[in-house]
Amino acid sequence: MEKKPILGITMGDPGGIGPEICAKSLALPEIYETCRPLVVGDAGIMANAVNFCDLDLKVNPINSPEEGKYQLGVIDVLDMKNMPLEKLAHKQNTARQGQACYEYITKAIDLALDDQIDGTVTAPISKAALNAAGHHFAGHTEIYADRTKTKDYAMMLAEENFKVVHVSTHVSLREACDRVKKPRVLRCIDLTYDVLKRLGKEEPKIAVAGLNPHCGEGRLFGDEDDLEILPAVEEARAKGITVDGPIPADTVFSKMQGGMYDAVVVMYHDQGHIPTKVVGFKYDDKTGTWGAMAGVNLTLGLPIVRTSVDHGTAFGKAGEGRANPQSLIDAVKMAAVLAKNRKA
């Protein structure tokens, strides 16, 4: 029988909800049905999360993936021993915690590059803590790109029937407009096609959102849609990819929801993030908390598998046992599919 993939799950910022959502996710049989999960983090911090979440789980500190038990009821932790429990500061940005989570990430990347694990999943980090520790990256994606020496990559936000891929992400809106160029749009279409195939879509259908209102309305509101986006779509079509665009951004997401498309290539951060989070995030006004935070973040174009939660550290509720683990559950399941298809 084929072995399930080993997935390295980074614990995230110790002061946030990362350890808690790791613990809650690994209490579920469905996770072990899809993969062999391995937390890359600190065993003491994980044991603390298990305790305050009141979970019936044991923490198994190990030094290498082959030592893992990979069985329900036991959380295997590749123990970095870099975050003493007495130094834990829930709800706070600290350089110590930023350094710890950076080491979890780079360790997981190195294990994947060395084929000791089959893929990686990341819990949320604090960019402020990361930078306080001297690691000046915009986030996980940029760390992965740097560590794997990848220059051409893209972010996908994904739910079961709602997927977007970004031409640009963490740049100003002014710079994002300047980055809408035919080669980049075409590359994002290609990456979208490839990942949809790996996720099981035999004939992916892709839409490309326009940049300007009404896709420029015959260049009245800008010419990028005609000069950069349309030529990229036409070239992708010539390669045999089923793709339409540019399509006005105020209608394209409804078309995807209705089943016309499997994914949308978007031009900048908020064009993709806003509709995805409207669909996946549910705020409960009575409790003042997020009742659901669904969605997965994927980095496309890397030599290794990487998925992530689609939310932040949630310092406001860290250490209280109230965090919703759904996004991490989804991220693990999607990473398992990608890892299996990568090996096939």
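Computed quantities for the displayed model
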| quantity | calculated |
| --- | --- |
| 3 or more residues farther than 22 Å from Leu227 by Cα: qualifying helices (runs of 4 or more DSSP H) within the range 129-216 | 140-147, 182-198 |
| Single unsatisfied condition, Tyr261 versus (1) modelled with pLDDT of 95 or more; (2) touching a Lys or Arg at 6+ places or on another chain (Cβ under 6 Å); (3) not in a loop (DSSP other than H, G, I, E, B) | (3) |
| Failed item, numbered, when Ser168 is tested on (1) out of contact with any Phe, Trp or Tyr (no Cβ under 8 Å at 6 or more places or on another chain); (2) of a type in the set (Ser, Thr, Tyr); (3) more than 17 Å from Val309 (Cβ to Cβ); (4) surrounded by 17 or more Cβ atoms within 10 Å (Cβ to Cβ) | (1) |
| Restricting the range 81-95 to residues that are outside any loop (DSSP other than H, G, I, E, B) and either in contact with a strand residue (DSSP E or B) (Cβ under 7 Å, 6 or more places away or on another chain) or of a type in the set (A, V, I, L, M) (or both), the residue that is surrounded by the fewest Cβ atoms within 10 Å (Cβ to Cβ) | Leu85 |
| Residue match in the range 23-32 (condition: over 24 Å from Lys333 (Cβ atoms), modelled with pLDDT of 95 or more and buried (at least 24 other Cβ atoms within 10 Å of the Cβ)) | no |
| Some residue of the range 278-299 being aliphatic (A, V, I, L, M), surrounded by 14 or more Cβ atoms within 10 Å (Cβ to Cβ) and in a helix (DSSP H, G or I) | yes |
| Count - residues of the range 1-38 that are touching an Asp or Glu at 6+ places or on another chain (Cβ under 6 Å) and within 30 Å of Gln92 (Cβ to Cβ) | 1 |
| Some residue of the range 219-232 being surrounded by fewer than 16 Cβ atoms within 10 Å (Cβ to Cβ), acidic (Asp, Glu), out of contact with any strand residue (DSSP E or B) (no Cβ under 7 Å at 6 or more places or on another chain) and more than 17 Å from Asp178 (Cβ to Cβ) | no |
| One residue from Gly319, Gly288, Gly295 being modelled with pLDDT under 90 and either under 17 Å from Gly210 (Cα atoms) or in the same structural domain as Cys22 (by the TED database) (or both) | Gly319 |
| Output for the range 128-179, where each listed residue is β-branched (Val, Ile, Thr), in contact with a Ser or Thr (Cβ under 6 Å, 6 or more places away or on another chain) and in the same structural domain as Val332 (by the TED database) | Thr141 |
| Residue match in the range 46-58 (condition: assigned by the TED database to the domain that holds Lys107 and buried (at least 24 other Cβ atoms within 10 Å of the Cβ)) | yes |
| Test for Val309: is it within 30 Å of Gln116 (Cα to Cα), assigned by the TED database to the domain that holds Gln97 and in contact with a Cys (Cβ under 8 Å, 6 or more places away or on another chain) | no |
| All positions within the range 99-122 that are more than 11 Å from Leu38 (Cβ to Cβ), of a type outside the set (A, V, I, L, M, F, W, C) and surrounded by 24 or more Cβ atoms within 10 Å (Cβ to Cβ) | Tyr104, Thr122 |
| Residue check for Thr106: in a strand (DSSP E or B), in the same structural domain as Ile17 (by the TED database) and not aliphatic (A, V, I, L, M) | no |
| Residue in the range 242-259 that is touching a residue at least 12 places away in the same chain (Cβ under 8 Å), in contact with a strand residue (DSSP E or B) (Cβ under 7 Å, 6 or more places away or on another chain), more than 24 Å from Leu298 (Cβ to Cβ) and buried (at least 21 other Cβ atoms within 10 Å of the Cβ) present | no |
| Residue that is nearest to the chain's Cα centre (by Cα), among those in the range 20-62 that are free of Cβ contacts under 8 Å to residues at least 60 places away in the same chain, in a strand (DSSP E or B) and within 17 Å of Thr120 (Cα to Cα) | Val39 |
| Checking Arg237 against (1) farther than 23 Å from Leu338 by Cβ; (2) loosely packed, with under 14 Cβ neighbours inside 10 Å; (3) out of contact with any Asp or Glu (no Cβ under 8 Å at 6 or more places or on another chain), the condition it does not meet | (2) |
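This table checks each residue for (1) more than 24 Å from Ala314 (Cα to Cα); (2) surrounded by fewer than 20 Cβ atoms within 10 Å (Cβ to Cβ).
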residue	(1), (2)
His136	no, yes
Gly139	no, yes
Tyr144	no, no
Tyr153	yes, yes
Lys182	yes, yes
Leu196	yes, no
Lys205	yes, yes
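The values are calculated or read from the model by the stated rules, or taken from the named source; none is laboratory data. Here the structure is a predicted model, which is why all the values come from computation and not from measurement. We place every Cβ from the backbone using ideal geometry, glycine too, and count neighbours over all the protein chains shown.
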